[in-house]
Amino acid sequence: QQIQEDLNKQLLDNLVSFMSRTYSDFQEKTTEWTCRMKFREIPTAALVLGVNVTDHDLTFRGLSDVLQDNITPYVALLEAKDCPGIKNLMQKLMGQLMNCDIDVDSLEDEDCVQVSQNKIRCSMPSLISWYESVTKKTDSETPSKKRNSSSKHWQSPPVVVIFKDMESFSTKVLQDFIVISSQHIHELPLVLIFGIATSPMIIHRLLPHSVSSLLCIELFQSLSCKEHLSTIIDKLLLTSQFPFKLGAKVLQVLFNIFLYHDFSVQNFIKGFQLCVVEHFYSQPLSVLCCHLGDTKKRVYSLSHDQCENIRRLPSFRRYVEKQESGKQVALLTNDSFLKEETEKLLEDLHVYHENYVSILRCLHVFTSSLPKYPLGKQIRELHCACLENQVWETEEYESSLQLARMLNKTDLVTMLQQCVEILMLSSGKEFDKTVEKLKEFLTQFQNLEAEASQERDVSVSSQKELQKKTDLYHLQKTLLELKESRRSKKLTKFEMLRFDVVDYIDKLVRKYLVPADHRTLHEIVYFNAASVLRGHLNAAPRTALHTALNNPHWYLKNQALKCDGGGISNKAPDICIVYKLHLECGRLINLVDWLEAFSTVVMAAEEPNADAASLDQVDDIIHARFIRAVSELELLGFIKPSKQKTDHVARLTWGGC
C-alpha cells in the first residue's frame, strides 16, 4: 500500500493542484471563472487509469482522502451500477454529500432523501440551497476569507463528483446531469472527475458535441500497471529485507495471470499473500523463515521432531551426502550439532540472497540495453530465468553475450558506471574487489581515449610521410605492408578490453546467480508449490459444483453425510439427492419417476406405521422439496425444460469431472 501511494503521489498532487486552481478562481471570482460561467463550462478532470479496473478502488479512495484533507469536505464517489437513472444519481450524490444513508426501496418517494427528520427533494435547486446553507454556516464560524490554522478547507469549497467507471454510465444519465449542472455553475462550484479505463476519446463517443462543449477538460494519466508491478517486484521480491521468497514456477503463475487475465496489481498482491499463508501453513520449518537477527534464537529452540524435519529435506540430504563420514553421522544423530550447522547454512542462504539481487541488477543493466532482449526487457523475466535453471547454459544467455561483445564504448562505460553504483549500494560484503575491478575497467577505457588520439596523430603523420616518398620501390613496399597488415588484422585494444569486461560479468553471473534450488535449506524460505497456487487461483467451478453436490461431506465435514460405494444418504441436502439421481438418467428425465425415486430416498428413515392423513401431508412437503431442488438444479444449468415432452426435462451435462 505504501509503495502504491508513493507511485500515485505525483498524480494526486497534480489533481490537487488542478482543484486548487479551480476553486481559487471561484473563490476570488476571477476573469477565468467569469468566462466559464458565461459559457456554462464545468471544470472536468479526465483521469485515465488503464484497464486494471480492480486497482481503481485504491486510487479513488486515496484521491477522495487527499481531496477531503486538503481541498473540500464535499466529495461524492458514484458508480454506474448505483445510477441507472438521473433520479438515482441525484439521490446517491445528495446522500453522500449530506452524509445520510439511502435505501431506495424503503423510500415512498424516489425523488427524496431522508436527512434527519426531514425529506429533501433530490434536485439541483435543493442541492444548491443545502450548499449555500452549509457554506454560510461555515462563513459565520470562520469569517476570515483565507484558510486559517484550524481549518484545512477554504470558504465555498467546490463540490467534487467522481464518476469511477465512466464507460459504464448510461449516456442519457451523463448528458442530463451535465446539462443540468451547467445551468447552475454560477451558484454551485461543481468539479467533475471522470475515471476512464480505456481512452479519453470515450468522452466524445458518449457525449455529443453540444454536451461535451459544456466541459472544460484537463487530462491526467496514471502510471501503467506494468510500471506499478515492476516497482512492487523491485521493492518486495528483489530485496533481502524480506526473508520469504517465491520460486520460479510460482512467479510464472502469478505473472501469467497478471499478463493474460486482468493486469491487476491488487490481484497479484493477493496471490502473493496466498503464497505466504500457504507456505507458513504447510511448511513445518517455516518458523525459520525469519530475519537474520532472529535466526539463532529460533534455530536453538527447535524440537527433536523439527530437527528430523530438517534431516528429511531433499536439499539437506544432498548436503549430507557430500560431507565426510564423521560429519554425516553427527548431522544425522546429534541435534545440537545439527542446529549449529543449520544456523551457518541459513546465514549462507541470507548472504546468497544479498549477492544474488546485486548481480541480478548488474546483469539486467547489460541485457536490458541489448537490441533484441534475448533474456527479456523486464527484470522479472530475468529473475525467473535465473531461478528456473542455470542461466548461463541457455541459448538466450549466449545470444546476450554475443550481442554484448558488439557494444560500443559509450554504452559499455555507462553500464559499468551503473554496475559500480549498484554494487556500492549493496549490503553484500564480497563486492569490494569487484568494484575495484570495474573501476579499473573504467580507467582503462579512459586511457584508451588518450591513446586513440595519439594514434590518430601518428596515422596522419605516416600518411604525410607516404606522400613524400616519390620513389616507386618504396611506395610499392609500403602499400604491400599495409595490405598484409589488413589481412592479418589483430583485435584492437578496445575490442580486447570489451571482451575482458563481458567475460568478467559472465564470471560474476556463474558465481552468484546459481539457482536457489541448488542451495541447502532453500525449502524453508522458498514457496515452490505452483500447482497448489494454480488450484487456488484458477477456479474450476464445474468441478467444485460436482464435488459439492455429489459428495457434500467434502465441504460440510458432516460424518452423517459420508457415503461409501456410491450410495445416497437421506440426510443429504435435497439438491444433492436430486443431483445424484439425475446422474443415473439418460438425455431426457421423467419428472414423475424422478419424484418417486426422490421420495423413496427421503422416506427411507420415516416410520412405516404412520396414518394416511400424516402420509398425505408428508407427500405434499416432499413434493414441494422436490420442486425446489429441481428448480435450483435448473438454475445451476444442469437441466432445462424439454419441448418434446411436457413431463420431462433435458439433461445438459455429461462426463466425469
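The values are calculated or read from the model by the stated rules, or taken from the named source; none is laboratory data. Keep in mind the model is a prediction, meaning the values are calculated, not measured. Glycine gets a Cβ as well: all are built from the backbone with ideal geometry, and neighbour counts include every protein chain shown. For the accessible areas, the whole protein counts, side chains as well, though only heavy atoms, and no ligand, DNA or RNA atoms are used. Shrake-Rupley method; radii C 1.70, N 1.55, O 1.52, S 1.80 Å.
Phi angles of the stretch 384-399 translate, via the Karplus equation with coefficients 6.51, -1.76, 1.60 and θ = phi - 60°, into HN-Hα couplings of 5, 4, 6, 6, 6, 7, 5, 4, 6, 9, 8, 5, 4, 5, 4, 4 Hz per residue; Gly and Pro are given as x. Accessible-area rank, largest first, for V161, V413: V413, V161, with all protein chains present and a 1.4 angstrom probe.
All C-alpha pair distances within the stretch 541-651, sorted into 5 Å bins from zero, spread as 2, 11, 21, 22, 19, 13, 8, 3, 0 percent across the bins.
Among the protein heavy atoms of the stretch 541-651, carbon and sulfur supply 54% of the accessible surface, probe 1.4 Å, non-protein parts ignored.
Among the listed pairs K433/K493; K9/K409; K226/K409, those with a Cα-Cα distance over 26 Å are K9/K409; K226/K409. If Lys and Arg each add +1 and Asp and Glu each add -1, what is the summed charge of the other residues whose beta carbon sits under 15 Å from the beta carbon of L288? Overall, the nearby charge balance is -1. Each label point was placed 7 Å from the Cα along the Cα-to-Cβ direction; for W654 and S368 their separation is 5.4 nm. Taking θ as phi - 60° and the Karplus parameters 6.51, -1.76 and 1.60, the scalar couplings of the stretch 44-57 work out to 9, 9, 8, 9, 8, 10, x, 7, 7, 4, 5, 8, 5, 4 Hz in sequence order, x denoting glycine and proline.
With all pairs of different C-alpha atoms in the average, the Kirkwood value for the hydrodynamic radius of the stretch 498-565 is 17.1 Å.
Computed over the stretch 541-651, relative contact order equals 26 percent, with contacts defined as Cα pairs under 8 Å that lie 6+ residues apart. Each Lys and Arg contributes +1 and each Asp and Glu -1, all at the Cβ; summed about the Cα centre of the stretch 368-437, the dipole is approximately 260 debye. Between the stretch 268-287 and the stretch 369-411, what is the C-alpha centre distance in whole Å? Cα centroid to Cα centroid, the span is 31 Å. Computed from the Cβ-Cβ distance with R0 of 35 Å, the FRET efficiency linking T443 to T478 stands at 0.45. For the stretch 541-651, lysine pairs separated by 8 or more sequence positions, or belonging to different chains, with Cα-Cα distances below 14 Å total 4. Backbone amide hydrogens, once placed in the peptide plane, bring C290 within less than 5 Å of nothing, excluding anything fewer than 5 places away on its chain. Taking label points 7 Å from Cα along the Cα-to-Cβ direction, D593 and N538 give a separation of 3.9 nm. In order along the stretch 529-535, the Karplus-derived 3J(HN,Hα) couplings, from 6.51 cos²θ - 1.76 cosθ + 1.60 at θ = phi - 60°, round to 7, 5, 5, 5, 5, 5, x Hz, and Gly and Pro are given as x. Were the residues from D65 through K562 laid out at 0.36 nm apart, the gain over their Cα-Cα distance would be 173.7 nm. In a reduced charge model with +1 at each Lys and Arg Cβ and -1 at each Asp and Glu Cβ, the stretch 541-651 shows a dipole moment near 800 debye about its Cα centre. Other residues with beta-carbon under 12 Å from the beta-carbon of G637 carry, at +1 per Lys or Arg and -1 per Asp or Glu, a net charge of +1. With R₀ set to 41 Å, the beta-carbon distance separating T394 from V179 gives a calculated FRET efficiency near 0.10.
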